[in-house]
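Engineer: Structure provided below as structure tokens; questions to follow.
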Amino acid sequence: MADAIVDAIGRVCAWIVLLVIGALFAQWPLRELVGGGHILANDWGQVAHAAVFSLGIAYAMRWDGHVRLDVFYQRLSLRGKALVDLAGSALFVVPWASIVLWYSIPTTVRSIAALEQFPETWSPGYWMLKVLLLAFTSLLLLQTAGHIARDIGVLLGPAADGDAAASPR
């Protein structure tokens, strides 16, 4: 279930990249060559850019596309990898994301209630960045729950220690 939700959101984020390219990269020639461009397009491009990264992190985690110091991990058995992943998820990801989520909720609620604007340009939509923080941590926790369940399944499942090349994901 977590994988399906994160996959769907990841596919949407891939399309948001086109919005980022259009909004941010078109600003330079419009501003420098034509004397045009608009600050609102830049602000919305920043929101779209933040959306790609904050929503796409769970997708990268889902497909093990994140950066990992892989000196010893690649040599571990399937159960060894599952144990390392489970420990990392339970000891680092869950506590950190839970703290971020917990402390972000009041700030985000206040920001939405005030329809907070960008501090430099006073254009609307700054509150959306704070909503993205909640979405980021929620999706990260959802995907981490899926990883924890999968790692526990590997650890409790039939012995597969001989398969050092396999991945629990």
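Engineer: Quick one: is residue 46 part of a helix (DSSP H, G or I), more than 21 Å from the chain's Cα centre (by Cα), over 16 Å from residue 150 (Cβ atoms) and not small (Gly, Ala, Ser)?
Structural biologist: On the way: part of a helix (DSSP H, G or I): yes; more than 21 Å from the chain's Cα centre (by Cα): no; over 16 Å from residue 150 (Cβ atoms): yes; not small (Gly, Ala, Ser): yes.
Judged against the criteria, residue 46 is not a match.
Engineer: With respect to the numbered conditions (1) modelled with pLDDT under 95; (2) loosely packed, with under 13 Cβ neighbours inside 10 Å, which one is the sole condition not fulfilled by residue 140?
Structural biologist: Unmet for residue 140, out of (1) modelled with pLDDT under 95; (2) loosely packed, with under 13 Cβ neighbours inside 10 Å: (2).
Engineer: Kindly establish whether residue 55 is in contact (Cβ under 8 Å) with a residue 60 or more places away in the chain and assigned to a helix (DSSP H, G or I).
Structural biologist: yes
Engineer: So, residue 41, is that one small (Gly, Ala, Ser) and in contact (Cβ under 8 Å) with a residue 24 or more places away in the chain or not?
Structural biologist: Values: small (Gly, Ala, Ser): yes; in contact (Cβ under 8 Å) with a residue 24 or more places away in the chain: no.
So residue 41 does not fit the description; no.
Engineer: Right, here's the next one. Name every residue in region 60-73 that is in contact (Cβ under 8 Å) with a residue 60 or more places away in the chain and either at positive phi or assigned to a helix (DSSP H, G or I) (or both), in order of residue number.
Structural biologist: Within region 60-73, 61, 62, 64 qualify.
Engineer: Still on this structure: Being surrounded by fewer than 17 Cβ atoms within 10 Å (Cβ to Cβ) and in contact with a helix residue (DSSP H, G or I) (Cβ under 7 Å, 6 or more places away or on another chain) is the filter; apply it to region 51-92 and report the residue that is farthest from residue 7 (Cα to Cα).
Structural biologist: Of everything passing the filter in region 51-92, 76 is farthest from residue 7 (Cα to Cα).
Engineer: Continuing with this model, one more query. May I ask you to say which residue of 39, 57 is closer than 25 Å to residue 85 by Cβ, out of contact with any Gly (no Cβ under 8 Å at 6 or more places or on another chain) and not small (Gly, Ala, Ser)?
Structural biologist: Answer to the check: 57.
Engineer: Any residue at all in region 106-114 that's at positive phi, outside any helix (DSSP H, G or I) and loosely packed, with under 14 Cβ neighbours inside 10 Å? Working first, answer last.
Structural biologist: Here is the first cut: in region 106-114, the ones at positive phi are none.
Within region 106-114, not a single residue is at positive phi, outside any helix (DSSP H, G or I) and loosely packed, with under 14 Cβ neighbours inside 10 Å.
The values are calculated or read from the model by the stated rules, or taken from the named source; none is laboratory data. A quick note: this is a predicted structure, and the numbers were derived from the prediction, not measured. Glycine also receives a Cβ, built like all others from the backbone with ideal geometry; neighbour counts cover every protein chain displayed.
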